[in-house]
Amino acid sequence: MSEYIIKNGNVFDPVQGIKGDKKDIAIKDGKIADKVSSSAKVIDAKGMTVMAGAVEIHAHIAGPKVNLGRIYRPEDKLFSCTPTKGMERMGSGASIPTTFKTGYEYAKMGYTTAMEAAMPPMFSRHVHEEIRDTPIIDEGAFPVFGNNWFVLEYLKNHEIENTAAYIAWLLRVTKGYAVKVVNPGGTEAWAWGLNCLSVNDPVPYFDITPAEIVKGLIEANEYLGLPHSMHIHPNNLGNPGCYETTLDTLKLAEGMKAKNKFGRESVLHLTHTQFHSYGGTNWGDFESKAKEVTDYVNKNKNITIDTGNVTLDETTTMTADGPFEHHLTGLNHLKWANCDVELETCAGVVPYIYSPNISVCAIQWAIGLEIPLMMKDPMRCYITTDHPNAGPFTRYPRVIKWLMSKKARDTQINAFKHKDKVLSQTSIGSLDKELSLYELAQMTRAGPAKTLGLGHMCGGLKPGMDADVAVYNFNPDTPVADPENIEKAFSRCAHVFKLGVEVVKNGEIVGTVNKRTLWVNAKVNDNPQVKRDINEKFLKYYSMTQNNYEALGHHFVPNPYALEVDATHV
Amino acid sequence: MTKTVTDVICPFCGTLCDDLEVVVSDDGKQLLEVYNACVIGTEKFLHSQAKDRVTRPRLRQADGSWKEISYDEAADYTAAMLAKAKKPLMYGWSSTNCEAQSVGNEIAEISKACCDNTAAVCHGTTLIAVQDIGLPTCTLGEVKNRADRVIFWGCNPAHAHPRHMSRYSIFPRGFFTGKGQMSRKMIVVDPRCTDTAKMADVHLQLEQGKDFELLNALRVAFKGEWLPDVVAGIPKEKIREAADMMKSGRFGIIFFGMGVTQSIGKNHNIDEAIAVTKDLNEYTKFSIMPMRGHYNVTGSGEVFAWQFGFPYSVDLTRGFARYNPGDSSSIDLLTRGEIDAMFTIGSDPGAHFPISAVKHIAAVPSVCIDPHLTPTSGVSKLHVPVAFNGVETGGNCYRMDNVPIDCRKVVEPPEGMLTDEQFLVMVRDRLKKLKGAA
Amino acid sequence: METVTITMKNAPALYLEADTITPDTFAGKTAAQIADLPVFEGNAPSTLGKYFEIAGNTGATAADTKIIVKGDVRKVKYLGMKMSAGEMVIEGSTDLYVGAWMTGGKILAKGNVEGFAATAMKGGELTIEGNAGNYLGAAYRGDWRGMSGGKILVKGNAGSDVGMYMTGGEIVINGNVDVHLMTHAEGGKTIVKGNATSKVGGQMVDGTIFIFGTIETMMPGFKPNGEVELEVDGIKGKFAHFIGDMGERHKKRKGAVIYANLYKKI
Amino acid sequence: MTKNITLNLISGRTIQQGVAIEGGKEKPLYRTACGIIELDHEDLKKLGAWKNTNVKVTSAYGSVIVKAIEATQGPHPGVGFIPMGPWANSVVSPNTYSTGMPTFKGTPVTIEVAINEPILLGIELVQKQCGVNVG
């Protein structure tokens, strides 16, 4: 492992509180070191910005619905393919890139860790195959639990210990990382073509309300002490007036404390908050409720959120929220794909065009920017586009440009056809705040790493942490003449190191590394009740045998990295 | 003494039964018996024990006889052929595991080839229709647990997917379908009175090639609009009756097969069938699922999709992926004579392509990787026998509803035989040297 | 209008992908520069000069550049792809993708053309004196935005899937058409002076079809709506009027439901 | 004068065809399973042929000798069925209508009795039509 020393760069590292002063970053044996020998290769980062490798907390980048999106959108790849070049395999796909292109694009933008946002447990083998073919970045996947028959039955009688035992079993079998909940109860209702639109609508046959599911899963998550909090996509997404359901869901977490040994303080992570902060009663009086949602989250310290910024592109929406996708295809009449998974979840895929000429899309764009600008504590608000739902992740530099430059926001607002409606229905016009590089580092590095329970190994430049470093050609000292320079600087890094290996130089892939698959191995007390339930359901209701289901993730993860959790309560 | 391997996956059709039990000798060299498999699956496992199997690669000589060569020479020949060809076609991939397919994709990318799987003659038109209108589908367990309306449109599971009805669609007693067969209405649409149709509650025996019209009539019947007296040979009363039966279900599923994908209208038949399913989702819950033929053609489509972006008929000749069935699909490439080398693996185009396409396979340098003796190996220049995938080597494969299941090695392959993945790795390494790639 | 003539002198063994033969790429180039334009035979890169004899000179812009393609070009694909202006005359028959994704200019193909001609055409004119292949003026796979403008005239017959997902523009076919005429169309007009086989106008949302000859099997989704006297492309006559596709969803404009119209000459 | 009839030919799987392809295509079992054409009772009468006689099936794309048997999954008057395999694919229409899929189902064919013409083995049939020298 060769040694590197990055000299006189402007370092931004919230983990050590470094706010842009010039420091040397030493890299040795894949870790950040205090000092290196004189034979270390010198990287001159004069007039450049040095940050840790970014952490993507929520993106649909691997799995069956992502691949269904690739299969059914050939026009997304027409005339936009990148040929094989040097170490880079060929890549294609604007809104849903192929796996090789996903890995390269993330690395070139300085991202070194990414989390697949929704993995149907039965298809985890498919997710891991795609993770294996995504080069460079470390990855973990969140199995979905919010509509799982085991969870519905256990939480109906509030059996937290059984739910925790089942969660531990499923995380081990599918090599999963955290508890993900999508439209709790609603997706199981969608198996009969119905939906749960509020936290109190009972699920057909199982007769449990989404509120009980959410509350039960938060308790089970803290009972286990998992690295990441429960990660929720609440009911009633994307409908005008859905901010009330969002607040009802957040209130369920009141009074709960985080119990884990990974330094996480939150108990609930609300994902793609933009889609859940809509007011009004129909698309005519559609308005932003970002203020109400961010006020609540500012007051309650045990909640973290990510934004879900709309980037005004033609993209493909894909989510485990089956009923929403059916509702969306009812609106734009584009091709609709859906796959109900037995006993577990569902997935829906519909293309969507966020056109600047449509007022709803412009307001969605504004809401996505209001949320991070109104959040007081950047460590609890992370930047995502819920790739590819609100826009492809390759647009992060553009989102960063809008957040760091009021001028850039104004030029975009003036370009809207319904500019007056955007200004009247949202407060984007009155927000003058411009994100600093330090806050950006909190929102894309230290914050997500902390809530994912990875604060000890990535998201920072403290000696001893993994040597994931990104160097941007952006001089923080010179004032920004043209906001486009921000977007250009953050699109391609000057240097990127992953586990101490230089993988990107001047925006080109120059190296690769044996990427890791992060997963959580939770040990719980032996639970014969849950073991019997699992055997019985596989005997009678699953369409594959238990041995084949349990062989899902085992020998197929080339480089697993387990976070050990001991939840054996005495 | 013998030992029994349980939870074995049958590597023949898209149903991918995973509850087989295989009895092998203690030393794992002999396969004695197969339980729980249909007659085709049993034959596939037992045929691995055939004594007259070809176990070494053989090269066709000028005088027509076969000359046995080593695997190394075979790999050299294949790599040289692919490196020299201006537009090689790498076809098949459907009876091999996903690991071999990944290595094959690397070879295709280095040699700038066209690659295609047996979807080209099976469910290729389904994929075109899915690209036009989407695909509301579900996994087979949802059908087992919830379906009370089952429609077989242009497919004959009694013959093509023998255990499908007993494992998933008609007979099982699921969570909400405790009465099994009695809680399900079965409709079969087929121009013949097939063995599946003989079991159906309603059999619509339509005129062959008129599926598009009948599906369109169903959509009109859902909306209660005017209908001509007879559509595709079916009187309009029977059409309205079938439409009402579909609407009155709680959870319906349409399985469709070669009857709609290979008849005139091709992708539009499936396009309209999916539109029927979407319309039915306004009244009740409906899904649709293709009856995939080969056990891992879905896997090949998935691997192509996440590595190149397209499910089949991928043209890599320009260094990036292009796709347009009709231009980059195997049958058109062969019948128009656009190919100057043929590489076949895990399929048998010699028997299952129209003869005018097979003539072109015989006309160009061609390699066939297949454990069996087939018409393709008969017309190819080089025949490389490999271990039976799913019997003598494991690997990942995908069921017809895209569920990945890990098939496993049950018995040792004959002495000195390589698996297809090992052979492909040899070809890839030689190709890299020839092309000077890093 | 400056004219460049390229004549096939060295026919390719396989098929030649010559998407650089358009007025847009030729404009402002000398014959030598044109000869260096890249073409592909399979995966082997080559130059135009190796296959064609190039004579004459080009105009400064695409608009005033005319290309005449002589010789046997039946194994040359992508002629006139993405063309935005200027003219092109193809003396003989040619292969796939003639004038695909073209946005303007004129193409005259004196012989036959193969499939995917004028894919997703936005403007300009394509005239084919021989027969056209399948997917004439259709959308690319998976795209719901098909041909949106321009005019296509086919003097011979056309194949199947003419005008799939068409949203605008006009297609006139003097001969016959195969199955699937204007499937999924949301606008545009097609006139077929010969016969249509079956599956005409399946899943149509909007747009108009005129058939002068016979239709073997009508789509059940097209409801008879009386007869009407019309003059179409200069020919007067009595037409049976059908509206459809009744199975498809239809928009309302000012209260009235919008249907696609199919007129069959009696 | 040998009588001939015209039918609409379709091809597809049968369970015997499945067993035969897994048992080895070089074996006669493959010919017994797939070298046949299933004709409806009326069509056999119109052709004036005994059951299980060899017939010559001709289409615009080729011709093949197969054994005519009575429909096992009928009645389907006017429709002939040859299980998928080299015999069917010798006469099936390769026209893909630019979708990549040949028209395996729906090829017009004419059938005439050809009692003493042999039905070739699977691999042999393809090799002969492709002119492959097998020495």
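The values are calculated or read from the model by the stated rules, or taken from the named source; none is laboratory data. Quantities reported herein were computed from a predicted structural model and do not represent experimental measurements. Neighbour counts are summed over all protein chains in view; Cβ atoms, including those assigned to glycine, are modelled from backbone coordinates with ideal geometry.
Where the second residue is in a helix (DSSP H, G or I) and the first is within 10 Å of another protein chain (Cβ to nearest Cβ) and lies in the stretch A:125-140, which pairs have Cβ atoms under 6 Å and are six or more apart or on separate chains?
Short answer, once both residue conditions are applied: A:126/A:64; A:130/A:99; A:130/B:306; A:133/A:99; A:134/A:99; A:134/A:102; A:134/A:103.
Checking residue A:245 against (1) buried (at least 17 other Cβ atoms within 10 Å of the Cβ); (2) part of a loop (DSSP other than H, G, I, E, B); (3) among the polar types (S, T, N, Q): exactly one of these is not met. Which one?
That leaves (2) as the condition not met.
Quick one: residue A:32 ticks every box in (1) out of contact with any helix residue (DSSP H, G or I) (no Cβ under 7 Å at 6 or more places or on another chain); (2) surrounded by 24 or more Cβ atoms within 10 Å (Cβ to Cβ) bar one, so which box is it?
(2)
Among the residues in the stretch B:295-315, are any over 25 Å from residue B:16 (Cβ atoms), of a type in the set (S, T, N, Q) and not assigned by TED's automatic domain parsing to the domain that holds residue B:40? Outline the logic, then answer.
The first filter runs over the stretch B:295-315 and keeps only residues over 25 Å from residue B:16 (Cβ atoms), leaving B:309, B:315.
Restricting the remaining residues to those that are of a type in the set (S, T, N, Q) gives none.
The answer is no, given that none of the residues of the stretch B:295-315 is over 25 Å from residue B:16 (Cβ atoms), of a type in the set (S, T, N, Q) and not assigned by TED's automatic domain parsing to the domain that holds residue B:40.
How many of the residues in the stretch A:181-216 are within 14 Å of chain B (Cβ to nearest Cβ) and hydrophobic (A, V, I, L, M, F, W, C)?
Within the stretch A:181-216, residues that are within 14 Å of chain B (Cβ to nearest Cβ) and hydrophobic (A, V, I, L, M, F, W, C) number 7.
Please go through the stretch D:31-52 and pick out each residue that is more than 9 Å from chain B (Cβ to nearest Cβ), in a helix (DSSP H, G or I) and of a type outside the set (A, V, I, L, M).
Once the filter is applied, which keeps residues that are more than 9 Å from chain B (Cβ to nearest Cβ), in a helix (DSSP H, G or I) and of a type outside the set (A, V, I, L, M), the stretch D:31-52 yields D:31, D:32, D:41, D:42, D:43, D:45, D:46.
Can you pull out the residues in the stretch B:148-198 that are hydrophobic (A, V, I, L, M, F, W, C), in contact with a Ser or Thr (Cβ under 7 Å, 6 or more places away or on another chain) and within 14 Å of chain D (Cβ to nearest Cβ)?
B:152, B:158, B:188
At least 3 residues that are over 16 Å from residue B:273 (Cα atoms) and more than 24 Å from the chain's Cα centre (by Cα) in each: list the helices (runs of 4 or more DSSP H) lying fully within the stretch B:152-247 that qualify.
Answer list for the stretch B:152-247: B:236-247.
Looking only at residues that are in contact with a His (Cβ under 9 Å, 6 or more places away or on another chain) and closer than 22 Å to residue A:312 by Cβ in the stretch A:67-101, which one is farthest from the other protein chains (Cβ to nearest Cβ)?
Of the stretch A:67-101, the ones in contact with a His (Cβ under 9 Å, 6 or more places away or on another chain) are A:67, A:69, A:95-96.
Applying the additional criterion that residues be closer than 22 Å to residue A:312 by Cβ yields A:69, A:95-96.
On the way: A:69: 9, A:95: 11, A:96: 8 Å.
Per the criteria, the residue is A:95.
If I filter the stretch B:12-37 down to residues being crowded, with 23+ Cβ neighbours inside 10 Å and touching a Lys or Arg at 6+ places or on another chain (Cβ under 7 Å), which single residue comes out as nearest to the other protein chains (Cβ to nearest Cβ)?
B:12
For every residue, the table says whether it meets (1) surrounded by 24 or more Cβ atoms within 10 Å (Cβ to Cβ); (2) in contact with a Ser or Thr (Cβ under 8 Å, 6 or more places away or on another chain); (3) within 28 Å of residue B:142 (Cβ to Cβ); (4) at pLDDT below 95.
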position	(1), (2), (3), (4)
A:102	yes, yes, no, no
A:143	yes, yes, yes, no
A:167	yes, no, yes, no
A:173	no, yes, yes, yes
A:177	yes, no, yes, no
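Can you name the residue in the stretch A:449-464 that is surrounded by 24 or more Cβ atoms within 10 Å (Cβ to Cβ) and either among the hydroxyl-bearing types (Ser, Thr, Tyr) or part of a loop (DSSP other than H, G, I, E, B) (or both) and, of all such residues, is farthest from the chain's Cα centre (by Cα)?
Applying the filter and picking the extreme gives A:461.
For the stretch A:535-558, check the following and say yes or no: at least one residue is away from chain B (no Cβ under 14 Å) and either in contact with a helix residue (DSSP H, G or I) (Cβ under 9 Å, 6 or more places away or on another chain) or modelled with pLDDT of 95 or more (or both).
Within the stretch A:535-558, none of the residues are away from chain B (no Cβ under 14 Å) and either in contact with a helix residue (DSSP H, G or I) (Cβ under 9 Å, 6 or more places away or on another chain) or modelled with pLDDT of 95 or more (or both).
For residue C:227, which of the numbered conditions (1) crowded, with 17+ Cβ neighbours inside 10 Å; (2) more than 14 Å from chain B (Cβ to nearest Cβ); (3) of a type in the set (Asp, Glu) fails to hold?
(1)
Out of (1) among the small types (Gly, Ala, Ser); (2) away from every other protein chain (no Cβ under 14 Å); (3) over 21 Å from the mean Cα position of the chain (by Cα), what's the single condition that is false for residue A:337?
(2)
Can you give me the number of residues within the stretch B:112-147 that are out of contact with any strand residue (DSSP E or B) (no Cβ under 6 Å at 6 or more places or on another chain) and either more than 8 Å from every other protein chain (Cβ to nearest Cβ) or aliphatic (A, V, I, L, M) (or both)?
Residues that pass the stated criteria total 11.
Specify which of the listed residues (C:150, C:130, C:156, C:123) is surrounded by fewer than 21 Cβ atoms within 10 Å (Cβ to Cβ), farther than 21 Å from residue C:179 by Cβ and out of contact with any His (no Cβ under 8 Å at 6 or more places or on another chain).
Answer to the selection: C:123.
Could you list, ordered by first residue, the pairs with Cβ atoms under 9 Å in which the first is in the stretch B:74-94 and assigned by TED's automatic domain parsing to the domain that holds residue B:337 and free of Cβ contacts under 8 Å to residues at least 24 places away in the same chain and the second is of a type in the set (Lys, Arg) and in a strand (DSSP E or B), at least 6 apart or interchain?
none
So residue D:47 ticks every box in (1) crowded, with 21+ Cβ neighbours inside 10 Å; (2) aliphatic (A, V, I, L, M); (3) at pLDDT below 95 but one. Which box is left unticked?
(1)
Mind checking which residues of the stretch C:17-49 are surrounded by fewer than 23 Cβ atoms within 10 Å (Cβ to Cβ), more than 24 Å from the chain's Cα centre (by Cα) and within 11 Å of another protein chain (Cβ to nearest Cβ)?
Correct list: C:38, C:41, C:43, C:44, C:45, C:46.
Filter the stretch B:269-322 down to the residues that are of a type in the set (D, E, K, R) and over 23 Å from the mean Cα position of the chain (by Cα), then identify the one that is surrounded by the most Cβ atoms within 10 Å (Cβ to Cβ).
B:285
Name the residues in the stretch C:206-220 that are within 11 Å of another protein chain (Cβ to nearest Cβ) and either at pLDDT 95 or above or surrounded by 19 or more Cβ atoms within 10 Å (Cβ to Cβ) (or both), would you?
Those that are within 11 Å of another protein chain (Cβ to nearest Cβ) and either at pLDDT 95 or above or surrounded by 19 or more Cβ atoms within 10 Å (Cβ to Cβ) (or both): C:218, C:219, C:220.
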